[in-house]
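Working notes, structure below.
The values are calculated or read from the model by the stated rules, or taken from the named source; none is laboratory data. Since this is a predicted model, take the numbers as computed values, not measurements. Note: ideal-geometry Cβ built from the backbone for every residue, glycine included; neighbour counts use all protein chains shown. Ligands, DNA and RNA are excluded from the accessible area calculation, which covers all protein heavy atoms including side chains. Shrake-Rupley method; radii C 1.70, N 1.55, O 1.52, S 1.80 Å.
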Amino acid sequence: MAVKRILVTGAGTGIGRDAVKALSVLGHTVIATTYSEAQAEQLRQELDASVQVFKLDITVAEDREKIADLNLDVLINNAALGDSGSLAEVDMDRVRKLFEVNVFSTLALSQIAIKRMVSKGGGTVVFISSLAGRAPMPFLMPYSMTKFALSAAAAGLRDEMKV
């Protein structure tokens, strides 16, 4: 197995944290990023010193630029927000925030990684979606809509990168 240089967003909790641990055990060079410096510090204390950890709020352009020179083989887009509510009543600012994090900022970060991957001749971008992005779920639609959009973007990007 070839060792890969892998960056995982949203590594402060859940799937992201577990992915970082599993990938590092397999011997990959892993970079774990978190929403806040407090999460980053907690993760540093839990992980082997070989795992690089830093704060990367994907909604902040300056934070996204931190990955421009990392020469990644794999980007795992895991950072996301969840929210619920009835579409008949949910505040549109909450929906906009979900799209900003789960779709727009995820794509902006991916574009930075892809630019470098194209120049070096290859790489892999993974988008973590959800079953909620495949089947509408009442009262979970604010989140569901973003995951539908992310799944569509990933499918389209996959085909574009083949050209």
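Where the accessible area of segment 20-118 is counted over protein heavy atoms with a 1.4 Å probe, how much of it, in %, is carbon and sulfur?
The value for segment 20-118 is 53 percent carbon and sulfur by accessible area.
Using Cα atoms only, what is the angle between the long axis of helix 141-162 and the major principal axis of the chain, expressed in degrees (0 to 90) to the nearest 10?
With both axes taken from Cα atoms, the answer is about 50 degrees.
Taking the highest mean first, how do the peptides 77-87, 149-159 order by number of other beta carbon atoms within 10 angstrom per residue?
Top of the packing list down: 77-87, 149-159.
If you count, for each residue, the other Cβ atoms within 10 Å and average over each peptide, how do 102-115, 58-71 line up from highest to lowest?
Highest-to-lowest ranking by the protection proxy: 102-115, 58-71.
Tell me whether segment 32-163 comes out rounded, prolate or oblate; compute the Cα gyration tensor, take square roots of the eigenvalues as a ≥ b ≥ c, and use a/c under 1.5 as the rounded threshold.
Oblate shape, in that a/c is at least 1.5 and b/c is the bigger or equal ratio.
If Lys and Arg each add +1 and Asp and Glu each add -1, what is the summed charge of the other residues whose beta carbon sits under 12 Å from the beta carbon of Leu81?
Residues near Leu81 contribute +1 overall.
Could you work out how far the C-alpha centroid of segment 22-79 sits from that of segment 114-163, in angstrom?
So the separation of the two Cα centres works out to 20 Å.
Evaluate the charge dipole of segment 71-120 about its Cα centre and quote only its size in Debye, nearest 20, assuming +1 on the Cβ of each Lys and Arg and -1 on the Cβ of each Asp and Glu.
380 debye
Helix-derived [θ] at 222 nm for the chain: sum -39500 (n - 2.57) over DSSP H runs of at least 4, divide by residue count, nearest 500?
-13500 deg cm²/dmol
Write down the accessible area per residue of segment 1-98 in Å², having rolled a 1.4 Å probe over the full set of protein chains.
Each residue of segment 1-98 exposes 53 Å² on average to a 1.4 Å probe.
Could you go through segment 88-94 in sequence order and give the Karplus-derived ³J(HN,Hα) for each residue, using 6.51 cos²θ - 1.76 cosθ + 1.60 with θ = phi - 60°, rounded to whole Hz, and x for Gly and Pro?
Karplus values, whole Hz, x for Gly and Pro: 5, 9, 4, 5, 5, 5, 5.
Taking square-rooted eigenvalues a ≥ b ≥ c of the alpha carbon gyration tensor, is segment 15-107 rounded, prolate or oblate, where a/c under 1.5 means rounded and, failing that, a/b exceeding b/c means prolate?
Cα axes put segment 15-107 in the prolate bin.
Sorted by packing (mean other beta-carbon atoms within 10 Å per residue), highest first, where do 10-20, 44-54, 125-135 land?
The packing order, highest mean first, is 10-20, 125-135, 44-54.
At a 1.4 Å probe radius, which order do Tyr143, Tyr35 fall into by accessible area, largest first?
Sorted descending by solvent-accessible area, the residues read Tyr35, Tyr143.
Which lysines have a Cα less than 28 Å from the Cα of Lys97, not counting those fewer than 8 places away in the same chain?
Output for Lys97: Lys55, Lys66, Lys115, Lys147.
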